[in-house]
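Some notes on the structure that comes next.
Only the coordinates and a few stated rules stand behind these numbers; no lab work does. These numbers come from a predicted model, not from an experiment.
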Amino acid sequence: RPCYLVDLTNAEPKLDLEVGLENSLSINGEVFVDASTFVFEMPVGEVISMNLHGINLHPFHVHVNPLQIVSTPDDVYDGYFRQGDWQDTITLSESTATVRMQTDVFTGTQLIHCHNLAHEDLGMM
């Protein structure tokens, strides 16, 4: 496996982010304003944990690095999203989940957004 697909469920994250999608996208309390909003830099070669809030009906997606599900409510979509699974996009009927990813060698801008078209039209894509 490539380094970015090792099991991260018990890994100690270098960066722990609180990602809110309730009314607007926020990361660690900083609210997305427009396409120029810059929130943080992801460290290269490190494990990053994201505690997702308000992701019900918000398909959550991160460009470049796949996400490993660390925790979700039980029986999400008949077991489609399970702890330990690697996903590109995560959609839940419940509002919270924890995912982790490990950055590899990419040092450029990474796009984090939901795939809700109304939100994309507002500049989040």
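Under 5 Å between amide hydrogens, built in the peptide plane, is the criterion, and for Ser24 it picks out nothing among residues at least 5 positions away or on other chains. Amide H contacts for Leu92 (H built 1.01 Å from N in the peptide plane; partners 5 or more residues away or on another chain; cut-off under 5 Å): Leu57, His58.
Taken one residue at a time, the phi angles of the range 95-101 give Karplus couplings (6.51, -1.76, 1.60, θ = phi - 60°) of 9, 10, 6, 10, 10, 10, 9 Hz. Gly and Pro are set to x.
Note that the range 63-72 has calculated 3J(HN,Hα) couplings of 6, 6, 10, x, 9, 9, 6, 9, 8, 8 Hz, one per residue in order, obtained from phi through the Karplus relation 6.51 cos²θ - 1.76 cosθ + 1.60 (θ = phi - 60°); glycine and proline are x.
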